[in-house]
Amino acid sequence: MFGNLQAQPADPILGLLAKYKEDTSVQKIDLGVGVYKNEAGHTAILDCVKKAEKFRLDKEDTKVYLGPTGSELFNKKATELIFTAEHQVLTNNRVRTVSTPGGTGALRVAAEFITSCKANTTIWVSDPTWANHTGLFKAAGLTVKTYPYYDYENKSLDFDGMLNALKEVASDDIVLFHACCHNPSGMDLNNEQWQQVCDVAKTVGFTPLIDMAYQGFGQGLDEDAYGLRLMADSVNEMIVCSSCSKNFGLYRERIGACSIIAETSLSADIAFSVLLSDIRCIYSMPPAHGAAIVETILDSTELTAQWHVELKEMRDRINGNRQLIVDKLIENGVTRDFSFITRQSGMFSFLGITPEQVQRLQDEFSIYMVGSSRMSIAGIANSNVDYLAKSIAKVL
Ligand code: LMR
């Protein structure tokens, strides 16, 4: 039976990790996978996470099953983090949240739930989008189509193209949006553009699925959720997938959330029962450790305040890196305009070079980024930026 299998190529993002690890160059730079790194190139555990883990270790007295929903306290805190406690979807009891194995788990659960609503549903994703979105949705039986998003030539948003495409979407289709820190382009909608997109969603009647993997990495926790909260005020039904991998630095703990917003409290209960039965057939119940850390932090005023400080530190460093690489490229005689990098947001930007130039950076300079020229800005540091800018200048 296994003899019929075809070997699959390495994942375009995760495959880079293995190559980077094997590289023996002392100058190597990892701009591949979306993982925050500090100035020393290390992905350290946040201090608030360490404290929460210590607290849990002393307090936890059972490892009994939590059930398909995961931790109730985490679900409540995660929902409030996404929407605020005062948002009408909470006060009207229209939202139901489950803990999931990471943001990817949330997306897969959402996709299975959509298939339970209607088989072969079409989902529209931005062109481009996170490399894993398409495979993940197809694996759950959805048909994937794209709407225009990034204008590669002008390094900006193709907003007119996007809006015109969304007007043609069928009312029983799903449209995926990135809440903030668009992966891979770093190009986000401004508040005015969100308003227009929400108006189109309301008029056309499609169901938005919002992926928020980087809340707090763009402009701030509330600023990054602006469009999502506006959308929840504009439509009757919506799905949100969020992740604690980046903003809590809990990557390997796999903790995220899937929230379903329904028109009424009663329809939310029905949708929730379907969601739980979908989960039961996938992984039965989510792991508990990551959720326990997050809920401990968000349930403590002191730890929450510390988390805000640590999150801001990560955000500020990434934003500082955006200016840093642009300045260094100029310093190294590059005349091409890279200032668009400072107008983008979150972990990524496209450098805008060819796949051959990306390959040369890897082969000749041990600099690793995704073939599309997506760079993880967090991998830039004061210690490597000169070498990086010089190397880019050489391949241009
Ligand atoms: C990325 O886009 O690099 C991250 O979201 C990690 C991943 O799983 O691809």
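Starting from a Cα-only point model with no solvent, please compute log10 I(q)/I(0) by Debye for the chain at q = 0.06 1/Å.
The Cα Debye sum returns log10 ratios of -0.24.
Relative contact order for the chain: what is it in percent, counting Cα pairs under 8 Å that are at least 6 residues apart?
26 percent
Note down the relative contact order for the stretch 122-265 as a percent, whole number, built from C-alpha pairs under 8 angstrom at least six residues apart.
That works out to 19 percent.
Can you give the percent of C-alpha pairs in the stretch 65-299 whose distance is more than 24 Å?
39 percent
How large are Rg and Dmax for the stretch 1-116 when only the alpha carbon atoms are used, in Å?
According to the Cα coordinates of the stretch 1-116, Rg and Dmax are 20.4, 57 Å.
To the nearest 10 degrees, how steep is helix 385-395 against the longest Cα principal axis of the chain, on a 0 to 90 scale?
70 degrees
Heads up, I need the accessible area for Glu331: 1.4 angstrom probe, whole protein in place, Å², nearest 10.
The accessible area of Glu331 comes to roughly 130 Å².
Taking Cα atoms, how many degrees apart are the long axis of helix 47-59 and the longest axis of the chain, rounded to 10 and kept between 0 and 90?
40 degrees
Keeping all protein chains in position, work out how much accessible area His308 exposes to a 1.4 Å probe, and write it in Å² to the nearest 10.
Only protein atoms counted, so the area is about 90 Å².
What residue among Tyr283, Gly216, Asn190 has its Cα farthest toward the positive end of the dipole of the stretch 65-299, where the charges are +1 on Lys, Arg and -1 on Asp, Glu, each on the Cβ?
Tyr283
Roughly what would the spin-label model give for His289 and Leu163, points 7 Å off Cα along C-beta, in nm?
Each label point is offset 7 Å from its Cα along the Cβ direction, giving 4.8 nm.
Using the crude model of +1 on Lys and Arg Cβ and -1 on Asp and Glu Cβ, and no other charge, please compute the dipole size for the stretch 77-171 relative to its Cα centre, in debye to 20.
480 debye
For the stretch 115-199, which GluC sites (Glu not before Pro) pass both filters: DSSP loop (anything but H, G, I, E, B) and at most 13 other C-beta atoms within 10 Å?
For GluC sites (Glu not before Pro) across the stretch 115-199 that sit outside H, G, I, E and B with at most 13 neighbouring Cβ atoms in 10 Å, the list reads Glu153, Glu168.
Roughly how big is the chain's charge dipole about its Cα centre, with Cβ charges of +1 (Lys, Arg) and -1 (Asp, Glu), in debye to the nearest 20?
With Lys and Arg at +1 and Asp and Glu at -1, about 780 debye.
Rounded to the nearest 0.05, what FRET efficiency do Glu263 and Asn132 have when you use their Cβ-Cβ distance and R0 = 51 Å?
It comes out at approximately 0.95.
Tilt of helix 72-83 relative to the longest C-alpha principal axis of the chain, in degrees (0 to 90, nearest 10)?
Long axis of 72-83 versus the principal axis of the chain: about 60 degrees.
For the stretch 26-132, which GluC sites (Glu not before Pro) are in a loop by DSSP, counting at most 12 other Cβ atoms within 10 Å?
Glu39, Glu60, Glu86
Return the distance in nm (one decimal) between the two label points of a simple spin-label model at Lys59 and Gln6, each offset 7 Å from Cα along Cα→Cβ.
Taking the two extended label points, one gets 5.1 nm.
Only loop residues by DSSP count here, and only those with at most 11 other Cβ atoms within 10 Å; note down the chymotrypsin sites (Phe, Trp or Tyr not before Pro) in the stretch 49-149 that meet that.
Sparse-neighbourhood loop chymotrypsin sites (Phe, Trp or Tyr not before Pro): Tyr65.
Note down the accessible area of Asp363, probe 1.4 Å, to the nearest 10 Å².
110 Å²
Leaving out ligands, DNA and RNA, what percent of the accessible area of the chain is carbon and sulfur, probe 1.4 Å?
52 percent
The values are calculated or read from the model by the stated rules, or taken from the named source; none is laboratory data. Bear in mind the structure is a predicted one, so any value in this text is a computation, not a measurement. For neighbour counting, all protein chains shown are included, and Cβ atoms are generated from backbone atoms with ideal geometry for every residue, glycine included. Side chains included, ligands, DNA and RNA excluded: accessible areas come from the protein's heavy atoms. Shrake-Rupley method; radii C 1.70, N 1.55, O 1.52, S 1.80 Å.
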